[in-house]
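Take a look at the structure below.
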Amino acid sequence: MCYEEFELRKSIREKYIPFEMTDDFDQEDSCFYCNSLCYFSLLYSKQTKQIACLHHLEELGDISKIVLKERVREDDMHEVLEETRRITNAPKEWVQKLQSTLLASRKPSLKQLQQLLLEVF
Ligand SMILES: [Zn+2]
């Protein structure tokens, strides 16, 4: 995901489209053409006032009126990606811990099981 975003940003910058870092994103900004959520970055046409994802540059029209707006720097995207991986892998890791505990002993201690339960909440 990050690498596709990086490649698209790079190809857009190579077309001399100005870019700016901004927090001025609406939580619901989505591409006019494909309705995908534009979370990390978006293209904005000053001429048509339309928003597009990085895949729909060509559809926005006059390239001189387009700005690439970035909410998250590329360095920070790696952190977001790692945090997302950590959160999405947490249930799988918890199941592995539970299985290890249950396989290690026929009668795991109540304390061990309570500790595992606390990790869920
Ligand atoms: Zn799109």
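The values are calculated or read from the model by the stated rules, or taken from the named source; none is laboratory data. Everything quoted here is computed from the prediction, not taken from an experiment. A quick note on method: Cβ atoms are made from the backbone with ideal geometry, for glycine too, and the neighbour counts reach across all protein chains shown.
Worth a mention:
- Extreme residue, farthest from the ligand (Cβ to nearest atom), among residues of region 22-36 that are surrounded by 11 or more Cβ atoms within 10 Å (Cβ to Cβ) and over 18 Å from residue 58 (Cα atoms): 22
- Restricting region 37-51 to residues that are in contact with a helix residue (DSSP H, G or I) (Cβ under 7 Å, 6 or more places away or on another chain) and outside any loop (DSSP other than H, G, I, E, B), the residue that is nearest to the ligand (Cβ to nearest atom): 43
- Residue within region 10-19 that is of a type outside the set (Lys, Arg), closer than 30 Å to residue 120 by Cα, outside the structural domain of residue 113 (by TED's automatic domain parsing) and surrounded by 10 or more Cβ atoms within 10 Å (Cβ to Cβ) present: no
- Flag for residue 97 being of a type outside the set (A, V, I, L, M) and not in a helix (DSSP H, G or I): no
- When residue 108 is tested against (1) assigned to a helix (DSSP H, G or I); (2) surrounded by 14 or more Cβ atoms within 10 Å (Cβ to Cβ); (3) of a type outside the set (A, V, I, L, M, F, W, C), just one condition goes unmet, and that condition is (1).
- Out of 81, 54, 102, one residue alone is within 16 Å of the ligand (Cβ to nearest atom) and either under 20 Å from residue 21 (Cβ atoms) or touching a Pro at 6+ places or on another chain (Cβ under 7 Å) (or both). It is 54.
- For beta carbons closer than 9 Å, sequence separation of 6+ or different chains, a first residue in region 68-80 that is closer than 18 Å to residue 27 by Cβ and a second that is polar (S, T, N, Q) and modelled with pLDDT of 90 or more, the qualifying pairs are 69/41; 70/41; 71/41; 72/41.
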